[in-house]
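The structure appears right after this line, and notes come after that.
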Amino acid sequence: MFSLTRVPHRRLNLLGDFDGLFGGLAPAVAESDNRFLPALDIVETGDGYEVRADLPGIKKENLSVNVEDNTLVIEAESRDESVEKDGNKVIKRERCIGKYRRALQINDAVDESAIRAHYHDGVLTVTLPRAAKAESKKIAVDIH
């Protein structure tokens with residue numbers, strides 16, 4: 001019988017390159033539950049950032065993207081659709097089935113009200129536009 005082997009979770013800090021945009025990855029894997037880490041890329045664009053997550057086989061209705069307390073949370077669930085029928089049975093399973101979760105901390109450099117998500121062909125793309133910078137103000141100083 002085939003069984004999945006999980007790699008122990010380690011805390012990652014991706015953002016030396018992104019000037020602290022993301023504070024690191026929140027813990028997303030626990031050995032005691034049935035969760036998996038979807039692969040993701042973080043890309044800096046001209047207007048902000050994109051997070052691309054591979055979620056193969058996930059139906060749109062089993063996917064959620066939320067932003068709470070400066071944290072972008074991607075959750076999804078893959079269900080077992082290979083129910084034994086007509087005498088057929090699964091003898092080996094390599095595809096992950098269960099709950100997916102990734103959490104990324106974001107800071108004030110992102111305009112949370114303008115975040116958008118798009119899901120196509122098993123890839124979730126979350127667009128994180130940069131927040132408008134406060135314009136610098138010149139102040140005249142009187143010297144006596």
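The values are calculated or read from the model by the stated rules, or taken from the named source; none is laboratory data. This is a predicted model, so every value here is computed, not measured. Glycine gets a Cβ as well: all are built from the backbone with ideal geometry, and neighbour counts include every protein chain shown. We work out accessible area using only protein heavy atoms, side chains counted, and drop any ligands, DNA or RNA first. Shrake-Rupley method; radii C 1.70, N 1.55, O 1.52, S 1.80 Å.
Brief remarks on what is shown
- Residue within the stretch 63-76 that is over 27 Å from residue 109 (Cα atoms) and of a type outside the set (A, V, I, L, M, F, W, C) present: no
- Residue in the stretch 80-97 that is among the β-branched types (Val, Ile, Thr), part of a loop (DSSP other than H, G, I, E, B) and at pLDDT 85 or above present: no
- Restricted to the stretch 46-57, and to residues there that are open to solvent by 30 Å² or more (accessible area, probe 1.4 Å) and in contact (Cβ under 8 Å) with a residue 12 or more places away in the chain, the residue that is nearest to residue 78 (Cα to Cα) is 57.
- Any hit, the stretch 58-74, residues being at pLDDT below 85 and surrounded by 14 or more Cβ atoms within 10 Å (Cβ to Cβ): no
- Of everything in the stretch 108-131 that is part of a loop (DSSP other than H, G, I, E, B) and modelled with pLDDT of 85 or more, the residue that is most open to solvent (accessible area, probe 1.4 Å) is 121.
- If you go through the stretch 93-107 and pick out every residue that is open to solvent by 60 Å² or more (accessible area, probe 1.4 Å) and under 17 Å from the mean Cα position of the chain (by Cα), you end up with 3.
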